[in-house]
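The values are calculated or read from the model by the stated rules, or taken from the named source; none is laboratory data. None of these values were measured; they are calculated from a predicted model. Every residue, glycine as well, gets a Cβ built from its backbone with ideal geometry; the counts of neighbours run over all protein chains shown. Note: areas computed on protein heavy atoms with side chains; ligands, DNA, RNA excluded. Shrake-Rupley method; radii C 1.70, N 1.55, O 1.52, S 1.80 Å.
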Amino acid sequence: MSNNVWPPPPPKNESESEKAARLAAEKEAKKISDEIDRALEHERQELRKHRPQTKILLLGQAESGKSTMIKNFQLYFCPSSFQAETEAWRAVIHLNLARFVNYLLYVLSNTNVASGGKKGDPNKDYRMFQMRLSPLKQVELILTRCLSAESSPMASPTDDGPALRRETIPEVSVRGGMGWKAFIRGRRRGSQSRMMANPEEVNDARRILDACKEDIVALWKSPAIHALEKEGVDLHHHARYFVEHASRVADLKYSPTPDDILRARLRTVGVEEHRMVMETAAEKGEEWVLYDVGGQRSQRASWASYFEDVNAMIFLCPMSGFNQRLAEDRSVNRLYDSMELWDTVCRSRLLSKATFILLLNKADLLRAKLRAGIRFSDYVKNYDQDQPNTVEAVSAYLRKEMMEIHRVYSPRKRQLHVHITCAIDPTLMAAVLNSMRDVILVEMLHQTTLL
Ligand SMILES: Nc1nc2c(ncn2[C@@H]2O[C@H](COP(=O)(O)OP(=O)(O)OP(=O)(O)O)[C@@H](O)[C@H]2O)c(=O)[nH]1
Ligand SMILES: [Mg+2]
């Protein structure tokens, strides 16, 4: 038998008085052990109180995956608060879905595809989709108004609604501040805001979607959609995933999975402060503050005021952007924009003491593009034609380039930690998050010791 078992087994032939003495000794030992545990816990709490709050800033161009990283962080370190927000994300997902379908209908009505070449004479199936899916415009209006309740001009319920006249797939955005989550959960009822929608309307939107789900599936499978793609209309959009899963997502009983939530797109406007109380890891109970910024060019001027005092800066560079242009300036390549931004961030004196973490993100989309035969070297002139057109080679190239920029332009010597990521894959992200957490804590410890 092991000697490590506590309490040890009673000796053989123990008398009653020996037993009583042994039990008393064990009781006393347990009391002392509990006291030591309590003292250690008290010491830990005191240390926590005096440790500076952990502040992390996420930077990168629009659609680089910053908000998705915040969701990953919450899912991994604060799972119950992630779970509590499921309902709010359902509304975002439903809006992503309704907008994308409305966009498909708009594109179909403006091309010859649906009518087999005869413009103005849509075929019967297409007319049926237009008619049967027309309630989705109402869904879009309700959910837009609801999610943008606080401030966005997008919320205004115009006659035509935002779905009707559009040349590109529309974005859903919410101004900084997390009020929309509370609103969707119904906590803000009774507020005076005139934009606030009746929560019953959100249920109406769900019922409409449920009634439309079979038609959405049929539309997506219809020859007209295939024809659109053949004609070169780019339907690769984040919301595509929700249309592909429409029978599940539009169902009245639908509850989003973590994978769905990571795919939901809500453009950040301004700066959002996320206060996360750690539920796992040794920092349980500690509050970490994460700042998520809007990545569009017009938003970047407001970033600098958040640079001071951050412990870590996480920069996201979406590698798949090498053959794309910025939505806000079609003359600029997305990868070049990311590199320029990285250069600026590296040079910043205010961030000179922060831990730098670089995430080369969207590795899955990069892989899909390279496998489809799109050549990285056709878009990036410094990438030699003879180099392999693979994720491994391309990411190694980007890593080297960005590490060099960091080395040359940092105001003072600083460590840089680089990861190749796919932010919609929570299993892969778990290892990255753990490593990021370790690095941030170690660097914080260094700084506290040096001070
Ligand atoms: N396939 C794929 N999609 C991703 C990845 N990372 C993020 N996305 C998706 O890309 C979209 C944009 O991501 P966001 O996190 O909203 O981007 P952002 O950087 O916060 O963008 P802004 O708020 O506009 O600055 C979302 O729909 C994500 O689900 C990835 O690694 N792979
Ligand atoms: Mg964002």
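Quick notes
- Scanning the stretch 186-225 for residues that are in contact with a helix residue (DSSP H, G or I) (Cβ under 6 Å, 6 or more places away or on another chain) and modelled with pLDDT under 65 yields 186, 188, 195, 197.
- When 374, 357 are checked against the criterion of being outside any helix (DSSP H, G or I) and more than 23 Å from residue 306 (Cα to Cα), 374 stands alone in meeting it.
- Of residues in the stretch 62-93 being in contact with an Asp or Glu (Cβ under 8 Å, 6 or more places away or on another chain) and more than 16 Å from ligand 1 (Cβ to nearest atom), the one nearest to residue 342 (Cα to Cα): 77
Yes/no matrix, rows are residues, columns are (1) open to solvent by less than 40 Å² (accessible area, probe 1.4 Å); (2) more than 24 Å from the chain's Cα centre (by Cα); (3) free of Cβ contacts under 8 Å to residues at least 60 places away in the same chain:
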{"site": "203", "(1), (2), (3)": "no, yes, yes"}
{"site": "230", "(1), (2), (3)": "no, yes, yes"}
{"site": "237", "(1), (2), (3)": "no, no, no"}
{"site": "241", "(1), (2), (3)": "yes, no, yes"}
{"site": "262", "(1), (2), (3)": "yes, no, no"}
{"site": "285", "(1), (2), (3)": "no, no, no"}
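- For the stretch 377-409, the set of residues classified as buried (at least 18 other Cβ atoms within 10 Å of the Cβ) and assigned to a loop (DSSP other than H, G, I, E, B) consists of 380, 383, listed by residue number.
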